[in-house]
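One structure is given here, and the rest of the page talks about it.
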Amino acid sequence: MTSVQLGWMPKYGSLFPAVVFFLALAVLPVANLIFLSFMDISWSGGVVQREFVGLENYAALGDDPLLKAGIVNTLILVVVATSCQVLLGLALAIACSSLGHSSRFYRTLFILPILIPGIIIGAIWRLMYNFQFGIINQGLDLLGIPAVDWLGSPHLALASVIVVDIWHWTPFSFLLLLAAVEGLPKDVSEAAKVDGATAWQEFRRVSLPLLWPAIFMTFIFRAVIAFKVFDEVFLLTSGGPGTATEVISFTIYQRFFLQDNPGYGSAISVAVIFSVALIIAIALQLQNRREATR
């Protein structure tokens with residue numbers, strides 16, 4: 001073979017270890033999950049028993065009331081929490097960027113929640129929400145307002161979890177959007193001000209269009225993470241009261257481990273993975289079309 005024919009080997013051969021590593025950590029587990037989703041798995045005498053059941057596990061998804069509640073609650077949490085986090089993150093990013101070098105203290109302060117382990121966050125907020133001695137209800141008592149059962153009320157439990165999620169993950173949006181805000185070209189904003197644009201007009205007509213790709217990607221990244229929310233629900237409410245805070249991840253956990261039904265739990269997992277991937281692909285395609293028509 002000539003050197004030209006062998007020229008591809010150094011270039012693509014260097015990627016081989018990375019490809020093998022990716023297959024081992026990502027593709028193979030997903031392939032195994034898909035395989036398990038077609039099985040009815042049980043244990044007899046400490047030995048696993050697998051029975052091929054075809055699409056029975058997938059057919060049962062539509063009749064699962066716990067899954068339906070999990071889908072609805074997860075969508076509410078993703079949309080509400082992610083929207084609030086992006087808006088708050090953008091506002092904090094703009095505020096910090098306007099302070100210049102004096103904003104270092106505030107930047108450190110704003111990212112603290114994301115550095116706290118989830119189990120500690122759950123413990124802190126569970127104590128704060130406590131009906132009898134929580135600091136939130138103590139504050140309401142000082143104002144003459146009766147105590148509220150934040151985590152025990154079917155009407156308030158999901159909202160209470162969403163508040164915790166917003167507090168925990170707003171720093172993620174803040175960090176991504178701060179980089180975008182500080183990367184804005186200064187000359188464009190200055191030209192708009194010279195032309196007589198107000199601060200709001202400059203933001204709406206100049207800065208916001210330039211920031212939109214970063215805002216969109218931040219929303220997508222955060223939405224994907226929010227879809228996998230588990231620790232906050234597990235530590236605060238365990239999906240209750242009833243199914244008020246049931247989310248998809250907690251449903252998978254219950255079906256997979258608590259009810260010892262890994263075949264059905266795998267089917268839910270596969271359906272969720274492909275559904276989220278489809279939603280992301282459609283959103284990215286719409287964004288690409290929007291960028292192409294500008």
### Query
Quick one: is Gly54 farther than 29 Å from Arg204 by Cα, outside any helix (DSSP H, G or I) and modelled with pLDDT under 95?
yes
### Conditions (1) free of Cβ contacts under 8 Å to residues at least 40 places away in the same chain; (2) not in a helix (DSSP H, G or I); number of the one not met by Phe257
(2)
### Query
Pick from Ala123, Ala81, Ala60, Ala69: which is over 24 Å from Ala214 (Cβ atoms), touching an Asp or Glu at 6+ places or on another chain (Cβ under 6 Å), surrounded by 11 or more Cβ atoms within 10 Å (Cβ to Cβ) and not charged (D, E, K, R)?
Ala69
### Message
Being loosely packed, with under 11 Cβ neighbours inside 10 Å and of a type in the set (Phe, Trp, Tyr) narrows it down to one residue among Phe35, Phe16; which is it?
### Response
Phe16
### Matching option when the condition is touching a residue at least 40 places away in the same chain (Cβ under 8 Å) and β-branched (Val, Ile, Thr), among Val188, Val233, Val194
Val233
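The values are calculated or read from the model by the stated rules, or taken from the named source; none is laboratory data. A quick note: this is a predicted structure, and the numbers were derived from the prediction, not measured. Positions of Cβ are generated from backbone atoms using ideal geometry, with glycine treated the same way; all protein chains shown enter the neighbour counts.
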